[in-house]
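The values are calculated or read from the model by the stated rules, or taken from the named source; none is laboratory data. The structure presented is a predicted model; accordingly, all values stated were derived computationally and were not measured. For accessibility, only protein heavy atoms count, side chains too; no ligands or nucleic acids. Shrake-Rupley method; radii C 1.70, N 1.55, O 1.52, S 1.80 Å.
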Amino acid sequence: MLKNMQKNGLILGAFAIAATSLVVATQYLTADRIAEQQRSELLRTLNALIPAAQHDNDLYADCSLIAAPEALGAPQQPVYRSRLQGQANALAIRATATDGYSGNIHFLVAVNRNGQVQGVRVLQHRETPGLGDKIELKKSDWILSFDGERVRSENDSRWAVRRDNGMFDQFTGATITPRALVNAVRKAVWYAQENSQELFRAPTNCYAESAEIMVAEFAE
């Protein structure tokens with residue numbers, strides 16, 4: 001019986017090693033494909049938030065990796081710069097709401113040179129279908145409520161859901177998701193308003209790092 005137990009243990013161990021190896025190999029082989037899909041989606045979103053008429057530079061290439069975890073929700077986040085005839089005119093910042101109902105909510109917010117929000121789009125989330133997923137433009141136009149807004153101070157009380165006496169609607173049966181996103185967008189917009197000149201002067205250094213960030217988010 002002991003020999004049979006040892007044999008079964010070895011067989012189970014071999015299966016475990018094989019399964020682990022298969023998972024690792026699959027992740028390695030698909031990492032580039034995932035990164036490319038994420039890049040394509042990001043480019044579509046960038047060009048939706050900052051139209052072609054507003055820039056003549058390569059939005060994806062004109063990017064700086066910024067360390068501002070308290071404002072942007074992660075150790076490093078890419079900031080994309082829009083320029084027209086050499087003049088800086090908008091920023092598109094990737095940021096993360098870390099307190100969503102089902103986990104992190106990764107999004108992109110565009111802020112023009114006057115500090116106004118040009119738009120917000122959610123890039124990745126795991127919120128509840130039919131409730132929290134209304135933060136997606138294809139599910140609801142709620143995300144458009146940020147357009148044209150400014151943050152008046154670091155703790156601007158208007159930037160809250162109506163249940164918290166703010167100016168943004170919440171979702172029926174799902175307040176946590178919009179509350180988390182409104183708070184995170186406020187922080188990101190305030191950061192952009194306060195650091196605009198520094199962000200436009202920051203070195204271009206995103207390339208491989210931003211791709212790694214996107215793959216890591218996809219794997220969450």
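Pull out the extension gain between ASP141 and ASP58, defined as 0.36 nm times the separation in residues minus the alpha carbon to alpha carbon distance; nm, one decimal.
Values: separation 83, 0.36 × 83 = 29.88 nm, distance 2.81 nm.
Roughly 27.1 nm would be gained on extension.
Extension gain for ALA202-ASP169 works out to 8.3 nm (0.36 nm per residue, less the C-alpha to C-alpha distance).
Of the residues GLU70, GLU127, GLU198, ranked by 1.4 Å probe accessible area with the largest first, the sequence reads GLU70, GLU198, GLU127. In the assembled protein chains, PHE200 presents an accessible area of approximately 30 Å² (probe radius 1.4 Å).
For SER153 and ASN47 in the same chain, what is the full-extension length gain: residue separation times 0.36 nm, less their Cα-Cα distance, in nm? Don't skip to the answer; put the middle values down first.
Values: separation 106, 0.36 × 106 = 38.16 nm, distance 2.85 nm.
Here the segment from SER153 to ASN47 would lengthen by 35.3 nm.
Legend: residues TYR60, TYR101, sorted from most to least accessible area (1.4 Å probe; ligands, DNA and RNA excluded), read TYR101, TYR60.
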